[in-house]
């Protein structure tokens, strides 16, 4: 078992103090420890090791042990000791959906970017001891006892972020014996919105549960950071999501509320699509390097499409709202001349290069935007050609039952094969034109 101890030396410090105790199970060869090179949900190298300061390795008596840094995020420790203790500080000055951030009021921790692991112990249990005062509330999807969090392995640990603070606002609702928690850190006034939030969240959650029919956890946690500055960012996790949405002063406006609903519905659907229904290139995650995959149009495009669709299906939003959202989506697509130059499959592969920045003008498309549009297209094709007996819902349910539940990821060919089985004819033209090609989507949409 890896034991992690986290502390903050001074209340105003931006450095998280980290101590990790590893069992040295291979004394005849170096113990290789790593910091993840990237984080799931952001398909881009993170260079997290740039935030590490005062790295040291000692034994249980405090005696320094020999180590060599082999690469930007890999260290080899040579020792005959049974126990190896690693100490370092991690710099936390940025707050977004996937960062780690400390100040006088809170610890906001995405363990993926600040905790190291032993390469030969990824599947070993982990526990995290939080050295905070008893008044603190711990909002996290991991099981806990007191101020200790428990994970069955490193994969679960780093897919379970936490907010630790003395002041967190909390709402909850229960559906199908599952408790859904909403945790808010920030200057938000919930009193006038509480009933509306609970009613709307129950509605779109019920619609998602109805479609997928299976939920593997007893609880789910929405972790919201509501800063004073403008922000819009969400990241999916095993049984939670981190969402940063601002500014706080606009929390009770309709525009903010629409964004709040939309991003929350999107992230919840990721519980099934990408967290569990996952590209084969990421089963399991390889934290040492890029995990290249071409199916971002499924992982993010399909999720983007369904995020808004669930709001109208559930009655939370009306048809006029949905049409406006589709118009925004099309506007973003048609304003990007990259649609003439690069396919959505190639753009997915290149996420690791420049997928989250403007980059070279008109070079690529957005897997979120074009991915959502071609998901809409496929859904309409299936509905039309099966006389509304089937839809894209059937494709997602099959991916769940035939891939995730059988412990395997899907390929681009698998996704298309499932869709072809549902629609009962080949989709070679759809693949050639809209997944691997740059054919104008408006040509076929006007015919549906």
Any idea which of 392, 399 is touching a helix residue (DSSP H, G or I) at 6+ places or on another chain (Cβ under 7 Å), in contact (Cβ under 8 Å) with a residue 60 or more places away in the chain and over 25 Å from residue 342 (Cβ atoms)?
-> 399
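If you go through region 271-310, how many residues are part of a loop (DSSP other than H, G, I, E, B) and more than 17 Å from residue 211 (Cβ to Cβ)? Spell out how you get there, then give the answer.
We begin by selecting, within region 271-310, every residue part of a loop (DSSP other than H, G, I, E, B); these are 271-272, 274-276, 278, 283-295.
Then drop every residue that is not more than 17 Å from residue 211 (Cβ to Cβ), which leaves 278, 283-295.
Of the residues in that region, 14 qualify.
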Restricting attention to region 61-81, and to residues there that are assigned to a loop (DSSP other than H, G, I, E, B) and at pLDDT 95 or above, which single residue is surrounded by the most Cβ atoms within 10 Å (Cβ to Cβ)?
-> 73
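Of the residues that sit in region 311-324 and are in contact (Cβ under 8 Å) with a residue 60 or more places away in the chain and in a helix (DSSP H, G or I), which one is surrounded by the most Cβ atoms within 10 Å (Cβ to Cβ)?
Kept after step one, since they are in contact (Cβ under 8 Å) with a residue 60 or more places away in the chain, are these residues of region 311-324: 311, 313-316, 321.
With in a helix (DSSP H, G or I) added as a condition, the list becomes 311, 313, 321.
Details: 311: 25, 313: 17, 321: 14.
Here the residue is 311.
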The lone condition residue 268 fails out of (1) more than 18 Å from residue 301 (Cα to Cα); (2) in a helix (DSSP H, G or I); (3) touching a residue at least 60 places away in the same chain (Cβ under 8 Å); (4) in contact with a helix residue (DSSP H, G or I) (Cβ under 8 Å, 6 or more places away or on another chain) is (1)
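Surrounded by 14 or more Cβ atoms within 10 Å (Cβ to Cβ) and closer than 23 Å to residue 39 by Cα: which single residue out of 418, 422, 441, 369 fits that description?
Numbers: 418 fails: closer than 23 Å to residue 39 by Cα; 422 fails: closer than 23 Å to residue 39 by Cα; 441 fails: closer than 23 Å to residue 39 by Cα.
Every option except 369 fails the conditions.
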State whether one or more residues within region 34-51 are surrounded by fewer than 16 Cβ atoms within 10 Å (Cβ to Cβ), out of contact with any strand residue (DSSP E or B) (no Cβ under 7 Å at 6 or more places or on another chain) and not in a loop (DSSP other than H, G, I, E, B).
-> yes
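Would you confirm, using the coordinates I've provided, whether residue 89 is part of a strand (DSSP E or B) and surrounded by fewer than 21 Cβ atoms within 10 Å (Cβ to Cβ)?
Numbers: part of a strand (DSSP E or B): yes; surrounded by fewer than 21 Cβ atoms within 10 Å (Cβ to Cβ): yes.
It is true that residue 89 is part of a strand (DSSP E or B) and surrounded by fewer than 21 Cβ atoms within 10 Å (Cβ to Cβ).
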Residue 282, sole failed condition from (1) within 19 Å of residue 173 (Cβ to Cβ); (2) surrounded by fewer than 22 Cβ atoms within 10 Å (Cβ to Cβ); (3) touching a residue at least 60 places away in the same chain (Cβ under 8 Å) = (1)
Some residue of region 124-141 being free of Cβ contacts under 8 Å to residues at least 60 places away in the same chain, within 20 Å of residue 181 (Cβ to Cβ) and out of contact with any strand residue (DSSP E or B) (no Cβ under 9 Å at 6 or more places or on another chain) = yes
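Does residue 415 satisfy the condition of being closer than 26 Å to residue 289 by Cβ, touching a residue at least 24 places away in the same chain (Cβ under 8 Å) and not in a loop (DSSP other than H, G, I, E, B)? Walk me through it before giving the result.
Working: closer than 26 Å to residue 289 by Cβ: yes; touching a residue at least 24 places away in the same chain (Cβ under 8 Å): yes; not in a loop (DSSP other than H, G, I, E, B): yes.
Answer is yes for this residue.
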Determine whether region 368-385 contains at least one residue that is modelled with pLDDT of 95 or more and closer than 24 Å to residue 286 by Cβ.
-> yes
Filter result for residue 204 (touching a helix residue (DSSP H, G or I) at 6+ places or on another chain (Cβ under 8 Å), more than 16 Å from residue 100 (Cα to Cα) and either in the same structural domain as residue 142 (by TED's automatic domain parsing) or buried (at least 23 other Cβ atoms within 10 Å of the Cβ) (or both)) = yes
Determine, yes or no, whether residue 184 is at pLDDT 95 or above, in contact with a helix residue (DSSP H, G or I) (Cβ under 7 Å, 6 or more places away or on another chain), surrounded by 15 or more Cβ atoms within 10 Å (Cβ to Cβ) and not in a loop (DSSP other than H, G, I, E, B).
-> no
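Restricting attention to strands (runs of 3 or more DSSP E) lying wholly within region 187-246, give those where 3 or more residues are touching a strand residue (DSSP E or B) at 6+ places or on another chain (Cβ under 8 Å), touching a residue at least 12 places away in the same chain (Cβ under 8 Å) and closer than 17 Å to residue 172 by Cα.
Working: elements: 219-226, 231-236, 240-246.
In region 187-246, 219-226, 240-246 are the strands (runs of 3 or more DSSP E) which contain 3 or more residues that are touching a strand residue (DSSP E or B) at 6+ places or on another chain (Cβ under 8 Å), touching a residue at least 12 places away in the same chain (Cβ under 8 Å) and closer than 17 Å to residue 172 by Cα.
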Only one of 55, 22 that is surrounded by 13 or more Cβ atoms within 10 Å (Cβ to Cβ), free of Cβ contacts under 8 Å to residues at least 40 places away in the same chain and in contact with a strand residue (DSSP E or B) (Cβ under 7 Å, 6 or more places away or on another chain) = 55
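Each row is one residue, and each column tells you yes or no for (1) farther than 29 Å from residue 201 by Cα; (2) out of contact with any helix residue (DSSP H, G or I) (no Cβ under 8 Å at 6 or more places or on another chain).
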{"residue": "316", "(1), (2)": "no, no"}
{"residue": "322", "(1), (2)": "no, no"}
{"residue": "331", "(1), (2)": "no, yes"}
{"residue": "347", "(1), (2)": "yes, no"}
{"residue": "379", "(1), (2)": "no, no"}
{"residue": "382", "(1), (2)": "no, no"}
Check off (1) within 21 Å of residue 275 (Cβ to Cβ); (2) surrounded by fewer than 18 Cβ atoms within 10 Å (Cβ to Cβ); (3) in contact with a helix residue (DSSP H, G or I) (Cβ under 9 Å, 6 or more places away or on another chain) for residue 362 and give me the number that stays unchecked.
-> (1)
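Can you list the strands (runs of 3 or more DSSP E) found entirely within region 116-170 that contain at least 3 residues being over 29 Å from residue 24 (Cβ atoms)? Working first, answer last.
Details: elements: 126-130, 137-140, 148-151, 162-165.
The qualifying strands (runs of 3 or more DSSP E) are 137-140, 162-165.
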Going by the conditions given, is residue 434 touching a helix residue (DSSP H, G or I) at 6+ places or on another chain (Cβ under 7 Å) and under 16 Å from residue 303 (Cα atoms)?
-> no
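The values are calculated or read from the model by the stated rules, or taken from the named source; none is laboratory data. Predicted model, so just to flag it, every value in this text is computed and none were measured. Every residue, glycine as well, gets a Cβ built from its backbone with ideal geometry; the counts of neighbours run over all protein chains shown.
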